[in-house]
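Here's the structure, in structure tokens; my notes come after.
The values are calculated or read from the model by the stated rules, or taken from the named source; none is laboratory data. Keep in mind the model is a prediction, meaning the values are calculated, not measured. Cβ placement follows ideal geometry from the backbone for every residue including glycine, while neighbour counts extend to all protein chains displayed. The protein model used for the area step is the full one, side chains on, heavy atoms only, and it has no ligands, DNA or RNA in it. Shrake-Rupley method; radii C 1.70, N 1.55, O 1.52, S 1.80 Å.
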Amino acid sequence: MADAFFTCRKNVLLAKSTSTQIEGVFAATRGRLVPEEQEALLQQWLEEGAGNLPASESVPAVGKVSVTLTSDWLEGSELLMTSLSDLNSAPEVTQHAGQQLVELHALASSEPQDSAVTELAKLPAEETVAVADSAPWPAVVAQMDHQIAGCVAIDVEVQNEDPAVLAWSIARDAETVPTEPPAWRIQDTVPLCPVATEVPYHEILWRDWEDLSVQPCVLEQVSKNTPLFEFRVMSYNILAQDLVEQGLDLYLHCHPDILNWNYRLPNLLQEIQHWDPDVLCLQEVQENHYWEQLEPTFKEMGFACFYKRRTGTKTDGCAVCYKHSRFQLISLSPIEYFRPGLDILNRDNVGLVLLLQPLLPEHLDLKAVSPLCVANTHLLFNPRRGDIKLAQIALLLAEIDKIAKSTEGSYYPVILCGDLNSVPDSPLYKFIRNGELSYHGMPAWKVSGQEDFSQQSYSRKLLVPLWPSSLGVTDNCQYVALCQPKKLGRRKYSRNFLLQFRFCDVACERPPQLVLLEGVTDAKPGLPGRVRSIQGCSSSWALFCHHCVGVIQHGLNLTSVYSHFLPQRGRPEVTTMPMGLGATVDYIFYSAEPVRDGNRGGRRLYRDGALKLLGRLSLLSEDALLLANGLPNPFCSSDHLCLLASFGLEISSL
């Protein structure tokens, strides 16, 4: 439970109203309310409270709720969420208006009312409402619509035993309303039904820590008394403020206050500090916020930080931070995916690749642990340009291949984090996980699986080669300059062997740049009977043609930390929720060992090797986030959820 998602000590409003009437008024309100709106709001609050109050009973102090009228806007930083101990130790509030509520309830029960009309100028500066011997009426407001100028602020001082019932702690403004109210004018009052209690935010957004150290491979390691270097890795798209302001249409469900950077920053920092990762990979980090706020704060938290802004005029980028008490930097490689003159690499996305040396405690001075390669990236979003995404990830994998390869030719353990803008089991996801993708003829929109554009009349298709040779990257996602030079004078295939493939599908396909010349390039060669008879066979001819069609590969053996499905809920995991639709686009991949002959439905099977997955922070389903009004919300200040995993690296003797 120590790692359970924190719910207290966050300076964020976690209150949510069940009154659709109040929510409607708040949602339609912008700026300062006029007196009529203030009067209607106050009357609705009092009617809801009085609806739970029997007129025939006295008013003992069971739960006291102070209703304070404020007239000025309060900034998000002034709203402090209190802990349970703070609630229990709150001072008592004097009971002022118990009798007034009894009289109000009597009036409301005896006379129906078409519309509640009150005069704000006739109210006292402070009213205290106490609810007797019944479920406390919720002292909460709409989760998106707090801090409205001139409206009622609620201060809960003693609540029921549920620790998730959180409070407003609002300073009273100097401007107060007149303190001598004339008689209430209530016409045809209709009693309101009691308001149902809402599910608290922390119950909706609760994220469990999943302990995976009981896996057989880890238990086997423990049985051998082999120590592990344990560390945590977090990947988090924190939503750059410039992108928020450029795409406000994406956040119409959010109150403007919770989109303010001064509101979001403390929440993001507190979440990172709570989970205390040793390696932190961030996406959508705004440059000025990084240098002015994030980097100084992270350095105080013990991180060494590296940042790469997107190219061109973009103002955000990626950052990788690591605890300098746990790791030492060996090498750093920032990556720019933009290549002038190449249509397939004409976007401004970037990445970072670091090689880190874990630092062992002093009592393990005769032990050694392998270096660790950490990569972080944010791929292009455009769902229609999967060809660009594949080229970008190929460049990243080529850089990892260069950084993570040891002198013996093997690879150091790799952890790849990022927002890949691709869903699970999409071709791009399968390429990373399975190490191979046959792409020739594939519609570009299908690569990421974000949207279905199959109904469009024109669809861009991937052709061979996917990127030009001038890029200097092979189909194995390796830099050409780093590949082993071929020995001269040796041919891999004989001429006669190659001639049998001259009638394969690729050889018979017209190149798009080929000029049409009648009698020369307009004829398609016919297949000889012998070749026609072996079409579709599984011989070496078919295998060769498979590679001719267009296949990209890599040899890093990466698998995902997450399974992308919540078996206990029977629903997929989601990491983001654009426009109210949940999706998984954020990942943490790590090095593993492929299982020999382990292939299930085209999905390569892995087991942990030197790098072991010890635990992870569970994700949420779409329906759970819908209950919390999506992302961002007052509790989560990004439109993505953070990903967190715990790993163990084998420590060996020198």
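Loop-only check: which chymotrypsin sites (Phe, Trp or Tyr not before Pro) in the range 394-471 are DSSP coil with at most 10 other Cβ within 10 angstrom? Present the calculation step by step, with values, prior to reporting the outcome.
Values: sites: Tyr411, Tyr429, Phe431, Tyr439, Trp445, Phe453, Tyr458; in loops: Tyr439, Phe453, Tyr458.
Answer in residue order: Tyr458.
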Between Gln513 and Leu252, what is 0.36 nm times their sequence separation minus the Cα-Cα distance? Round to one decimal in nm.
89.2 nm
Give the carbon-plus-sulfur fraction of the accessible surface of the range 366-504 in %, rounded to a whole number; probe 1.4 Å, heavy atoms of protein chains only.
52 percent
Expected vector for the range 407-422, Karplus 3J(HN,Hα) from phi with 6.51, -1.76, 1.60 and θ = phi - 60°, integer Hz, x for Gly and Pro, equals 5, 7, x, 7, 10, 5, x, 10, 10, 10, 10, x, 9, 9, 6, 8
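How high is the FRET efficiency between Ser325 and Val464 when r is their beta carbon distance and R₀ equals 51 Å, given to the nearest 0.05? Intermediate values should be presented prior to the final figure.
Numbers: r = 49 Å, r/R0 = 0.96.
Efficiency, rounded to the nearest 0.05: 0.55.
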Less than 12 Å from a label point 7 Å out along the Cα-to-Cβ axis of Glu622: which backbone N atoms in the range 551-585 qualify, by residue?
571-584
Set the bar at 25 Å for Cα to Cα. Now go through Lys308/Lys405; Lys323/Lys430; Lys389/Lys430 and name every pair that lies beyond it.
Lys323/Lys430
For Thr311 and Asn262 in one chain, what is 0.36 nm times their gap in residues minus the Cα-Cα distance, to one decimal in nm?
15.0 nm
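Taking the Cα centre of the range 425-485 as origin and charging only Cβ (+1 Lys, Arg; -1 Asp, Glu), how large is the dipole, in debye to the nearest 20? Numbers along the way, then the final one.
Values: 5 positive and 5 negative charges, 15 e Å.
Value, rounded to 20: 80 debye.
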Residue among Leu355, Asn262, Leu345 farthest towards the positive dipole end of the range 258-392, charges placed on Cβ:
Leu345
Residue (of Thr313, Leu428, Gln293) at the positive-pole extreme of the range 286-439, dipole from beta-carbon charges:
Leu428
Are there any GluC sites (Glu not before Pro) in the range 319-410 that are in a DSSP loop and have at most 11 other Cβ atoms within 10 Å? List them by number.
Glu408
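Please give me the summed charge of the neighbours of His554: other residues whose Cβ is under 10 Å from its Cβ, Lys and Arg +1, Asp and Glu -1. Spell out each step's value before the answer.
On the way: positive: none; negative: Asp401, Glu436, Asp475.
Local charge sum for His554: -3.
Rank these by accessible area, largest first, 1.4 Å probe: Leu379, Leu471.
The residues order as Leu471, Leu379, largest area first.
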Work out from phi, with θ = phi - 60° and the Karplus expression 6.51 cos²θ - 1.76 cosθ + 1.60, the ³J(HN,Hα) of each residue of the range 390-406, listed in order in whole Hz, and give x for Gly and Pro.
5, 5, 5, 5, 5, 5, 5, 5, 5, 5, 5, 4, 6, 6, 8, 7, 7
